[in-house]
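The values are calculated or read from the model by the stated rules, or taken from the named source; none is laboratory data. Predicted model only: the values in this text are computed from it and were never measured. Cβ placement follows ideal geometry from the backbone for every residue including glycine, while neighbour counts extend to all protein chains displayed.
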Amino acid sequence: MLYGRIIRIEPDRGFGFIHDDSGQDWYFVRDGVRDPGFDDLWTGERVGFGQEWTRSGPRAIDIHHEQLD
C-alpha cells in the first residue's frame, strides 16, 4: 500500500494524478477509485492506493480516502 496526495484532478475527463510520499507521480482513472468514488476526491486530499505498471507508466489503483485516527 502506498500513500500520497491528489495533485491534479480532471473531472470532465475522468482522470487525475497522485504524488506519493517517496516523490513519484501516479496517474489514475475514475474506475480506479473505491467508494465513495472519484467525484468525492479533491486536490490536496491524502489517499492510500495500490499500484500497477502499464506501458504508459505507473498507474494508481484501488484508491481510497485515508482514514485519520
Seminar exercise, completed: Within region 1-10, of all residues that are touching a Lys or Arg at 6+ places or on another chain (Cβ under 9 Å) and without any contact (Cβ under 8 Å) to a residue 60 or more places away in the chain, the one farthest from GLY44 (Cα to Cα) is GLY4
For this session: Mind listing just one residue for me: the one in region 14-50 that is among the polar types (S, T, N, Q) and under 11 Å from GLY4 (Cβ atoms) and, of those, modelled with the highest pLDDT?
Result: SER22
Exercise. For region 26-69, how many residues are surrounded by fewer than 16 Cβ atoms within 10 Å (Cβ to Cβ) and either of a type in the set (Phe, Trp, Tyr) or in contact with a Cys (Cβ under 7 Å, 6 or more places away or on another chain) (or both)?
Worked result: 2
Exercise. In this structure, is GLY32 over 11 Å from the mean Cα position of the chain (by Cα) and either small (Gly, Ala, Ser) or on the phi > 0 side of the Ramachandran plot (or both)?
Worked result: no
For this session: Determine the pairs where a residue that is of a type in the set (Lys, Arg), located within region 40-69, has a partner that is in a loop (DSSP other than H, G, I, E, B) with Cβ atoms under 9 Å apart, the partner being 6 or more residues away or on another chain.
Result: ARG46/GLU66; ARG46/LEU68
